[in-house]
Each structure stands twice: as structure tokens, then as C-alpha cells.
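**Student:** Provided herewith is a single structure, encoded as C-alpha cells, for subsequent inquiry.
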Amino acid sequence: MSAQETLGFVRLQNDAQVVMKCQDNLAFMRPLRDGSMKLIVTSPPYNIGKRYEKKSPLEEYVQQQAQVISECVRLLHPNGSLCWQVGNHVNGEIYPLDIVLYPIFKEHGLKLRNRIVWHFEHGLHCSKRLSGRYETILWFSGRDEYTFNLDSIRVPSKYPNKKYFKGPKRGQLSGNPLGKNPGDVWIFPNVKNNHVEKTIHPCQFPVELVERLVLGLTDEGDAVFDPYMGVGSSVIAAVKHNRTGYGCDSEKQYVDIAWERLHELRAGTLRTRPMDRPVYEPSRAAS
């Protein structure tokens, strides 16, 4: 591995097609061909009043989401996956958005494959409730036949040399030599001020989170789309692995940053946190 790869720099071997626009997502999606996106992955606004969103009544927010989801379903490839990453809407109490939005996906006949929990250690420190340290990804497919490349996303086994101690397989390795299934709880740092990927976006997707979805749910050459792309992390993850990236956002400054990041990726200077890097654990002094 080169020094650049060790630091998280990646130089593209093949240039990939990219379509990114500063545009309302419904306007961006309507000209696109039915069934053209192998993976649709996004993290929509949570309707909590961040500077890039206008806070509205929850019922109105759900109606807006229903419009976008409907158009995404139209674009979804027959063997594709739709991954909707959300947290909580907070308005005096907690409204888990994955539960709120789940019926919309079911109305379209989508099948939930996993409810993935993304766990992180840093975030808002609450004073009247426990601090939130996870969000969820709803992974849907349109039918039972869908792309799933488990070997591409296996993680190191906890006991890689463990063997069967009895029975007909005695002495043979008991686990897959390529590693284990990553499971449905993913531990990735969220993008805070000291993260190498941090930009001005207040709620930025970590590239490595999307990379696992890209590698697991698409093949090379497939199209990946993010209807709320922000600063382009989903497109970056797609292009890094020779997929075609599509994305849109209504904030011009975010789209400009997305293009800057893509140019850095093409030049081999974009820093992203490597997928195989363990989460930092501070040393604890002996008692």
C-alpha cells in the first residue's frame, strides 16, 4: 500500500461519469429514465431547522418526503436497492423518522432487507434526555432478486483462525476466510470538526458509510443516485469504486463544494477516512 493510500488519498484509475446539479430533486429526477438507478442512497433533512432546511409541520414534511420517495421508486432498477438514512425529528418529543416514513415505502411494495443502525460516539450533548448516538438506514429492495455482494464488504473475523473442534469438519476453519458478515450495526465516526472530510455542511455523510452500500449493493458501472446529495459524499463513494454518480442539491454552495471534492478525487488529493481503519479508542490509564 502506498503512503497516499495509507493517509486516505485515492487516485482514480478510471474516470467515471458524474451528473451533479444545483436543482430541486423532483425537477432533477423527472427527466431520468425509469429503472435507471441501481442504488439510491440519501440522508434527507430531518425537519429540525438546520440552516439548509425550513422547519415545517411533521405532516407537511412527510408529504414532501412521499413525493420524493415516489419518484425514487420510479427510478429504482428492478434489481436495485433504496437506502434511506434518517435520525429523529425533535419537536418537544422524539419522532423516529424511520418509523414515520416506513409506511410510505411499503405503499410502493418495497421490501425491507435490513434496518441498519449506524452508531457513532460524538454529537449533541442533551440535558433532559439521553444523548442520541445512532441513526438508522432503511435498506429496501423492489423484489426478491437484488444485487448483494457480501464478499465485497466482509470485515475481519474476531477469531480468524478458529477451527471446528469436533465432528466431520474437525480441524477445518469454522469461519469464512474472507472475513465475516458486517451485521446490521455499523460503527463509523460521524463527520465532526476534526474529521478529515469535514466541510461547511453541518450534517455531512461519511464517505465510508456510503462506500459499504455501494460495494455491497451495486456492481462496477452501475448508477448511484443521491437526491439530497449535500457536498457530494455519495457521488464520491460511487466514483471511487467505478460507478456512475448522480446527485442534486438546492444549495449552490454545497454543489460547488461537491465539484471541488470530485476534482480533488480525480487528482488523487481528496482525503477520506479509509473503510478498514478501526475506530479510535483512547487509551485509559491503569487504575
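The values are calculated or read from the model by the stated rules, or taken from the named source; none is laboratory data. Here the structure is a predicted model, which is why all the values come from computation and not from measurement. FYI the Cβ positions are ideal-geometry reconstructions off the backbone, even for glycines, and counts take in every protein chain you see.
**Student:** Just to be sure I understand the filter: pairs with C-beta atoms under 8 Å, separated by 6 or more residues or on different chains, first member in the range 122-141 and closer than 30 Å to GLU107 by Cβ and in contact (Cβ under 8 Å) with a residue 40 or more places away in the chain, second member surrounded by 14 or more Cβ atoms within 10 Å (Cβ to Cβ) and charged (D, E, K, R). Which pairs pass?
**Tutor:** THR136/ASP98; LEU138/ASP98; TRP139/ARG113; PHE140/ARG113; SER141/ARG113
**Student:** Which of the residues belonging to the range 85-102 are of a type outside the set (Val, Ile, Thr), in contact with a Leu (Cβ under 6 Å, 6 or more places away or on another chain) and assigned to a strand (DSSP E or B)?
**Tutor:** Matches in the range 85-102: HIS89 only.
**Student:** So is GLU220 over 28 Å from TYR280 (Cβ atoms), without any contact (Cβ under 8 Å) to a residue 60 or more places away in the chain and surrounded by fewer than 24 Cβ atoms within 10 Å (Cβ to Cβ) or not?
**Tutor:** Against the criterion (over 28 Å from TYR280 (Cβ atoms), without any contact (Cβ under 8 Å) to a residue 60 or more places away in the chain and surrounded by fewer than 24 Cβ atoms within 10 Å (Cβ to Cβ)), GLU220 qualifies.
**Student:** If you don't mind, there's one more thing I want to ask. Would you confirm whether any residue within the range 262-278 is touching an Asp or Glu at 6+ places or on another chain (Cβ under 6 Å), at pLDDT below 95 and surrounded by 24 or more Cβ atoms within 10 Å (Cβ to Cβ)?
**Tutor:** Checked against the condition, which is being touching an Asp or Glu at 6+ places or on another chain (Cβ under 6 Å), at pLDDT below 95 and surrounded by 24 or more Cβ atoms within 10 Å (Cβ to Cβ), the range 262-278 yields no hits at all.
**Student:** Moving on to the next point. Which one of these does ASN79 not meet: (1) within 20 Å of ARG30 (Cα to Cα); (2) touching a residue at least 60 places away in the same chain (Cβ under 8 Å)?
**Tutor:** Looking at each condition in turn, ASN79 falls short on (1).
**Student:** Could we say that GLU281 is assigned to a loop (DSSP other than H, G, I, E, B) and either without any contact (Cβ under 8 Å) to a residue 60 or more places away in the chain or not hydrophobic (A, V, I, L, M, F, W, C) (or both) here?
**Tutor:** yes
**Student:** For the range 223-251, how many residues are surrounded by fewer than 20 Cβ atoms within 10 Å (Cβ to Cβ) and on the phi > 0 side of the Ramachandran plot?
**Tutor:** Adding up the residues that qualify gives 1.
**Student:** Select from the range 41-71 the residues that are in a helix (DSSP H, G or I) and crowded, with 21+ Cβ neighbours inside 10 Å and write down the one among them that is modelled with the highest pLDDT.
**Tutor:** Across the range 41-71, the extreme among qualifying residues is ILE69.
**Student:** Can we say VAL191 is under 18 Å from ARG261 (Cα atoms), crowded, with 18+ Cβ neighbours inside 10 Å, of a type outside the set (Ser, Thr, Tyr) and modelled with pLDDT under 85?
**Tutor:** Criteria met by VAL191.
**Student:** Could you list, in sequence order, the residues of the range 215-260 that are charged (D, E, K, R) and either within 24 Å of ILE153 (Cα to Cα) or within 17 Å of the chain's Cα centre (by Cα) (or both)?
**Tutor:** ASP219, GLU220, ASP222, ASP226, LYS240, ARG243, ASP249
**Student:** What is the one condition in (1) touching a Phe, Trp or Tyr at 6+ places or on another chain (Cβ under 8 Å); (2) closer than 14 Å to LEU217 by Cβ that ILE153 does not satisfy?
**Tutor:** For ILE153, the exception is condition (1).
**Student:** Looking only at the range 103-127, count every residue that is surrounded by 14 or more Cβ atoms within 10 Å (Cβ to Cβ) and either of a type in the set (A, V, I, L, M, F, W, C) or part of a helix (DSSP H, G or I) (or both) and tell me the total.
**Tutor:** Qualifying residue count for the region: 7.
**Student:** Tell me yes or no: at least one residue of the range 246-256 is in a loop (DSSP other than H, G, I, E, B), in contact with an Asp or Glu (Cβ under 8 Å, 6 or more places away or on another chain) and either among the polar types (S, T, N, Q) or under 22 Å from PRO182 (Cα atoms) (or both).
**Tutor:** yes
**Student:** Report yes if GLY92 is at positive phi and in contact with a helix residue (DSSP H, G or I) (Cβ under 9 Å, 6 or more places away or on another chain), otherwise no.
**Tutor:** No.
**Student:** Kindly check whether there is at least one residue in the range 94-111 that is under 27 Å from ARG277 (Cβ atoms) and of a type in the set (Ser, Thr, Tyr).
**Tutor:** no
**Student:** Out of the residues in the range 92-121 that are at pLDDT below 95 and acidic (Asp, Glu), which is nearest to the chain's Cα centre (by Cα)?
**Tutor:** Here the answer is GLU121.
**Student:** Moving on. So LYS192 clears everything in (1) among the charged types (D, E, K, R); (2) more than 30 Å from LYS252 (Cβ to Cβ); (3) touching a residue at least 12 places away in the same chain (Cβ under 8 Å) except one condition, right? Which one?
**Tutor:** For LYS192, the exception is condition (2).
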